[in-house]
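The values are calculated or read from the model by the stated rules, or taken from the named source; none is laboratory data. In this text the structure is predicted, and so the values were computed from the model without any measurement. In this analysis, Cβ positions are derived from the backbone assuming ideal geometry, glycine residues included, and neighbour counts consider all displayed protein chains.
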């Protein structure tokens with residue numbers, strides 16, 4: 001029997017990408033063959049995001065785009081998985097008749113069984129399979145990496161228990177639940193054996209890791225044990241909840257050679273009234289103290305954060321307070337979201353809504369300020385030494401290679417362009433920084449003997 005080809009598109013966050021990698025590996029283990037071309041795929045799978053309105057719009061647009069291959073390509077079946085089906089379930093079947101099967105977030109490990117039933121015609125009247133969002137991946141689940149071979153995300157937990165007022169994640173991903181330490185380490189060793197050099201530690205809230213497990217193993221302990229895995233060169237931490245960051249964790253980020261001096265800690269806002277309305281833990285003073293604790297530990301840790309502008313009740317004065325905070329703290333990296341009203345969340349019924357045009361204006365104002373801050377920070381690094389993970393060739397003649405330093409996460413931060421010869425993807429090289437732009441660095445490879 002000829003192997004059926006499938007193509008999978010992963011939308012949204014890295015946590016969703018890991019689920020896509022698991023599904024791809026499970027399908028290949030059952031005889032399906034992955035293809036990079038949606039035109040050539042018999043089965044098209046879109047693993048969707050439904051966190052905010054733009055993500056939902058992207059998911060629906062992608063589904064409709066892929067549906068065209070039923071007419072113009074080899075596609076026989078179109079499958080939508082992940083957060084969109086988990087959130088909207090049966091409603092989607094009538095809205096998107098082009099889709100043959102909708103699977104929620106708990107169906108990841110059963111993807112091959114679902115496709116086998118779909119192809120056989122069994123349960124043809126069951127287009128939607130959505131249950132309790134309780135899937136937690138383990139090291140026994142294979143992964144077919146969709147990242148470059150030298151870098152991989154390592155999901156240490158699933159779900160979230162913070163219940164922020166603007167967020168639907170607990171409903172579509174379930175309550176926070178951590179993977180056992182040894183299971184995570186087992187997966188890390190497998191990834192290292194496959195040639196992965198950079199592990200990017202992720203969860204909805206990485207600092208909640210272990211609180212639901214017997215003995216309450218700490219995130220810091222886990223990071224140190226990951227650093228002991230042979231073959232791993234860099235370990236990067238994302239999605240840390242600010243008020244759960246400890247001095248022990250900061251010392252680990254500063255003191256462990258393999259652990260990048262990099263901390264992603266979304267703060268969302270600084271105004272106390274807004275933080276309270278968001279159901280965030282801690283107030284503005286608490287956030288300042290955490291940032292001060294990080295900065296007092298040494299100058300080395302790069303801080304990334306994310307903000308939400310246009311939340312209900314964000315007056316001009318409260319927004320100005322946020323702008324002043326951005327100027328005061330001078331984050332190394334910063335992203336801004338405009339508030340998206342999501343049905344089913346506590347914030348969806350709040351009054352004092354702000355126009356979309358004003359939200360966009362506020363976002364642009366913050367990002368313009370951050371551009372100047374980032375440029376000044378990177379200019380200060382000109383002349384300094386660093387290490388860069390080479391990712392490939394660039395389109396610049398003067399700096400023909402492209403990569404990232406330990407202070408730059410993939411997809412969300414800037415890049416480092418490198419001048420050198422015969423550099424290969426996955427190679428970590430020493431460089432001296434020669435130039436800087438608003439978000440990118442330009443460096444020359446050097447030999448350190």
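Brief remarks on what is shown
- Restricting attention to the range 183-199, the residues that are more than 13 Å from residue 228 (Cβ to Cβ), in contact with a strand residue (DSSP E or B) (Cβ under 9 Å, 6 or more places away or on another chain) and outside any helix (DSSP H, G or I) total 4.
A quick yes/no check of all residues on (1) over 21 Å from the mean Cα position of the chain (by Cα); (2) under 30 Å from residue 350 (Cα atoms); (3) surrounded by 15 or more Cβ atoms within 10 Å (Cβ to Cβ):
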| residue | (1), (2), (3) |
| --- | --- |
| 119 | yes, no, no |
| 158 | no, yes, yes |
| 179 | no, no, yes |
| 191 | no, no, yes |
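- The lone exception for residue 253 - which of (1) assigned to a loop (DSSP other than H, G, I, E, B); (2) touching a strand residue (DSSP E or B) at 6+ places or on another chain (Cβ under 8 Å); (3) farther than 29 Å from residue 365 by Cα it fails: (1)
- Residue count for the range 171-182, restricted to those that are in a helix (DSSP H, G or I) and touching a residue at least 12 places away in the same chain (Cβ under 8 Å): 4
- Among the residues here, residue 136 does not qualify as part of a helix (DSSP H, G or I), touching a residue at least 12 places away in the same chain (Cβ under 8 Å) and not assigned by TED's automatic domain parsing to the domain that holds residue 307.
Results for (1) surrounded by fewer than 18 Cβ atoms within 10 Å (Cβ to Cβ); (2) under 17 Å from the mean Cα position of the chain (by Cα); (3) in the same structural domain as residue 250 (by TED's automatic domain parsing); (4) touching a residue at least 24 places away in the same chain (Cβ under 8 Å), shown as yes or no for each residue.
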residue	(1), (2), (3), (4)
164	no, no, yes, yes
169	no, yes, yes, yes
201	no, yes, yes, yes
206	no, yes, yes, yes
210	no, no, yes, yes
213	yes, no, yes, yes
216	yes, no, yes, no
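- In the range 26-43, the residues that are buried (at least 18 other Cβ atoms within 10 Å of the Cβ) and assigned to a helix (DSSP H, G or I): 26, 27, 38
- Complete set of residues in the range 428-443 that are touching a strand residue (DSSP E or B) at 6+ places or on another chain (Cβ under 6 Å) and closer than 24 Å to residue 372 by Cα: 432, 433, 434, 435, 441, 442, 443
- Matching entry among 102, 51 (being modelled with pLDDT of 95 or more and either surrounded by fewer than 17 Cβ atoms within 10 Å (Cβ to Cβ) or under 19 Å from residue 169 (Cα atoms) (or both)): 102
- Taken over the range 303-336, the residue count meeting the criterion of being buried (at least 19 other Cβ atoms within 10 Å of the Cβ), part of a strand (DSSP E or B) and touching a helix residue (DSSP H, G or I) at 6+ places or on another chain (Cβ under 9 Å) is 8.
- Any hit, the range 229-236, residues being in a helix (DSSP H, G or I), in the same structural domain as residue 210 (by TED's automatic domain parsing) and surrounded by fewer than 20 Cβ atoms within 10 Å (Cβ to Cβ): no
- Those residues of the range 281-311 which are more than 26 Å from residue 260 (Cβ to Cβ) and touching a residue at least 60 places away in the same chain (Cβ under 8 Å), in sequence order: 311
- Selection status of residue 64, under 25 Å from the mean Cα position of the chain (by Cα) and surrounded by 21 or more Cβ atoms within 10 Å (Cβ to Cβ): no
- Only listed residue being closer than 24 Å to residue 413 by Cβ, within 23 Å of the chain's Cα centre (by Cα) and free of Cβ contacts under 8 Å to residues at least 12 places away in the same chain, chosen from 364, 328: 364
- Residue 295, sole failed condition from (1) at pLDDT below 95; (2) under 17 Å from residue 326 (Cβ atoms); (3) in contact with a helix residue (DSSP H, G or I) (Cβ under 7 Å, 6 or more places away or on another chain): (3)
- Residues that are touching a residue at least 60 places away in the same chain (Cβ under 8 Å), touching a strand residue (DSSP E or B) at 6+ places or on another chain (Cβ under 8 Å) and under 20 Å from residue 334 (Cα atoms), drawn from the range 218-243: 236, 238
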